[in-house]
Amino acid sequence: MDSMRGHEGIQMLLTAEQEAQQIVTAARNCRTEHSPLKTTRLRQAKEEAEKDAGHYRSNLESEYQKRVGETSGNSGFTAERLGEETDVKIRNLKKSTSKVQSDIVDMLIKYTTAAKY
């Protein structure tokens, strides 16, 4: 009887080993079947991330260009404004000198022709 029990125990072990082998095989097949799906999902996620990064990069670049344009435009506007202000000041100086020009000429003639002894 002991040999019968031993034989039954060996048979149970062989059956359990076969079942375990079937479970491992099924798991491997399942992993292999889902692998292309996982690869596809990873590829899609990578493409979406690159697309989002591209949009972000282009937005930053456009903001940068906008700021550069604003500051460049401002410096051109500032230079133009300063040029106009300078012209106005020069005209005002010419007007004020033309008003007193005859008085200054008379004063210079008076002092240069007056003889001091």
- Task: Using R₀ = 41 Å, calculate the FRET efficiency as 1/(1 + (r/R₀)^6) where r is the Cβ-Cβ separation of Gln21 and His55; round to 0.05.
- Result: 0.20
- Message: Can you compute log10 of I(q)/I(0) for the chain with the Debye formula, treating each Cα as one identical point scatterer, at q = 0.23 Å⁻¹?
- Response: -1.18
- Per the 1.4 Å probe, what fraction of the accessible area of the range 48-117, in percent, lies on carbon and sulfur atoms? 58 percent
- Any number yet on Rg/Rh for the range 49-117, C-alpha, Kirkwood? 1.66
- Task: Rounding to the nearest 20 debye, state how big the charge dipole of the chain is about its Cα centre with +1 on each Lys and Arg Cβ and -1 on each Asp and Glu Cβ.
- Result: 1160 debye
- Once fully extended, how much extra length lies between Ala115 and Met12, figured as 0.36 nm per residue of separation less the alpha-carbon to alpha-carbon distance? 22.5 nm
- Task: Compare Glu84, Glu47, Glu17 in a GNM of the chain, Cα atoms joined below 10 Å, and give the one with the largest fluctuation.
- Result: Glu17
- For Ala53, net neighbour charge (Lys/Arg +1, Asp/Glu -1) across residues whose Cβ lies under 12 Å away: -1
- Task: Give me the accessible area per residue for the range 15-117, probe 1.4 Å, as a whole number in Å².
- Result: 95 Å²
- Message: Quick check: pseudo-label points 7 Å beyond the Cα along Cα→Cβ at Val88 and Ser102, how many nm apart are they?
- Response: 3.0 nm
- Report the one residue of Val105, Thr39, Thr86 whose Cα lies farthest in the direction of the positive end of the charge dipole of the chain (charges on C-beta: Lys and Arg +1, Asp and Glu -1; origin at the Cα centre). Val105
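The values are calculated or read from the model by the stated rules, or taken from the named source; none is laboratory data. What you are looking at is a predicted structure, and each value in this text was computed from that prediction instead of being measured. All Cβ positions, glycine included, derive from the backbone under ideal geometry; neighbour counts span all protein chains shown. Just so you know, the surface numbers come from the protein's heavy atoms only, side chains and all, with ligands and any DNA or RNA stripped out. Shrake-Rupley method; radii C 1.70, N 1.55, O 1.52, S 1.80 Å.
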